[in-house]
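S.K.: Quick one: structure below, then a few questions.
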Amino acid sequence: MKTLFEKIPELDEFAEVCGYLSQRGWSEGSGGNLSFRIKTPSYIATKHKNTSNPVALPVAVPELAGQSLLISGTETRAREIALRPAENIGLYIIADDGQSFYWLAGNKNPTSELPSHCAIHQTLCRYRPEQRAIIHTHPPLLIALTQCAEFQKAEHLSELILSMQSEARLQLPEGVGLLDFHVPGSLELGEASAKLMQYHQIILWYMHGALASGKTLSHALDQLEVVNKAAEIFWILKSAGCEPCGMSRENMQKSLSQFGRLQRYEQAFNYQHRS
Ligand code: 2HA
Ligand code: ZN
């Protein structure tokens, strides 16, 4: 018989997405971590007061007060989350003061990136509240892009890579953000990501991996697949000795205009030009 925790519908999707991340070789070993923000299920809403102690958060996340996160356990492998989600995923509630969290169900040791996920969810609550999912993973074709001298500017990377396939920029008119090197797992990386996620649904971490947001975990994976496909075309052409040229700006603008997304594209990197 399934426990109440195992009946949370998003648990199955979490497991399914982890299976894909593992099969693609994007989340090797215990690489990567995921979270999904949910309304705290009423049957466990009060339980934490009796059963677990508060753990302080190094960042204040008042917008998340009372909400809960399904999040990967520390050192859990994507391929094992896929097989045994209830063992490897934990459910945590953010306390009413927005400065601590409590364990509610499932895995009891959250990824050390929990504070970073909280900071990013806080950005999502403010700017794209319909987006509840975060995936961090290590797709090799995207990590390789961050090491190309020609792609040290996010605007140029987005312009060329997302022009490799005619629908990529339609899916991500704001393009892809880029973060400089930060120590893996550091709060500094989490906070810098939270800031940049205000403007982009996908960001790449220099020498490390990718971060995606979405309405659901499957949607966040869709977004990663779109960028990965575009990068794959880029690397195929490079490997064949062809210089990838991508769509013309005129065709890009025509497509975006047809779908009512031209303004989002044209304003995508304006934040970089503000002081
Ligand atoms: O959780 O990928 O960046 C493992 C990681 C940290
Ligand atoms: Zn990582």
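The values are calculated or read from the model by the stated rules, or taken from the named source; none is laboratory data. All of these numbers come straight from a predicted model, not from anything done at the bench. All Cβ positions, even for glycine, are placed from backbone atoms using ideal geometry, and neighbour counts span all protein chains on display. With ligands, DNA and RNA removed, areas are computed over all heavy atoms of the protein, side chains included. Shrake-Rupley method; radii C 1.70, N 1.55, O 1.52, S 1.80 Å.
S.K.: Enter the mean projected area of the convex hull around the alpha-carbon atoms of region 55-138, in nm², rounded to one decimal.
M.R.: 5.5
S.K.: Related question: In terms of solvent-accessible area of protein heavy atoms at a 1.4 angstrom probe, what is the ranking of Arg169, Arg84, highest value first?
M.R.: The ordering from most to least exposed comes out as Arg84, Arg169.
S.K.: Mind giving me the FRET efficiency for His156 and Phe181? R0 is 22 Å, r the Cβ-Cβ distance, nearest 0.05 is fine.
M.R.: The pair His156/Phe181 has a calculated efficiency of 0.75.
S.K.: For the ranges 8-16, 125-133, 198-206, what's the packing order if you count other beta-carbon atoms within 10 Å of each residue, average per peptide, and put the highest first?
M.R.: 198-206, 8-16, 125-133
S.K.: What's the FRET efficiency of Arg249 with Val55 using the Cβ-Cβ distance as r and R₀ = 51 Å, to the nearest 0.05?
M.R.: 0.55
S.K.: Sticking to Cα atoms, compute the Rg of region 115-235 to one decimal and its Dmax as the biggest Cα-Cα distance, whole number, in Å.
M.R.: 13.1, 37
S.K.: Let me ask something else. Provide, in order from the shortest bin, the percent of all Cα-Cα pairs of region 102-164 in each 5 Å bin, continuing until the bin that contains the maximum pair distance.
M.R.: 3, 13, 15, 14, 18, 19, 8, 4, 5, 0
S.K.: Same structure again: Going 7 Å from the Cα of Met207 along its beta-carbon direction, which residues of region 178-195 have the amide nitrogen within less than 15 Å of the resulting point?
M.R.: What the label zone holds, given the 15 Å backbone N cut-off, is 179-186, 189.
S.K.: Further question on the same structure: Using the Karplus curve 6.51 cos²θ - 1.76 cosθ + 1.60 with θ = phi - 60°, work out ³J(HN,Hα) for each residue of region 118-124 in order, rounded to whole Hz, and write x for Gly and Pro.
M.R.: 4, 4, 6, 4, 4, 4, 4
S.K.: With only alpha-carbon atoms counted, please give the Rg and Dmax of the chain, in Å.
M.R.: That works out to 19.1, 64 Å for Rg and Dmax.
S.K.: So what is the 222 nm mean residue ellipticity for the chain from helices alone, if each DSSP H run of at least 4 adds -39500 (n - 2.57) and you divide by all residues, rounding to the nearest 500 deg cm²/dmol?
M.R.: After summing the helix terms and dividing by the residues of the chain, the value is -11500 deg cm²/dmol.
S.K.: Over the Cα atoms of region 1-95, each weighted equally, I'd like the Debye log10 I(q)/I(0) at q = 0.16, 0.24, 0.25 Å⁻¹, rounded to two decimals.
M.R.: -0.71, -1.24, -1.29
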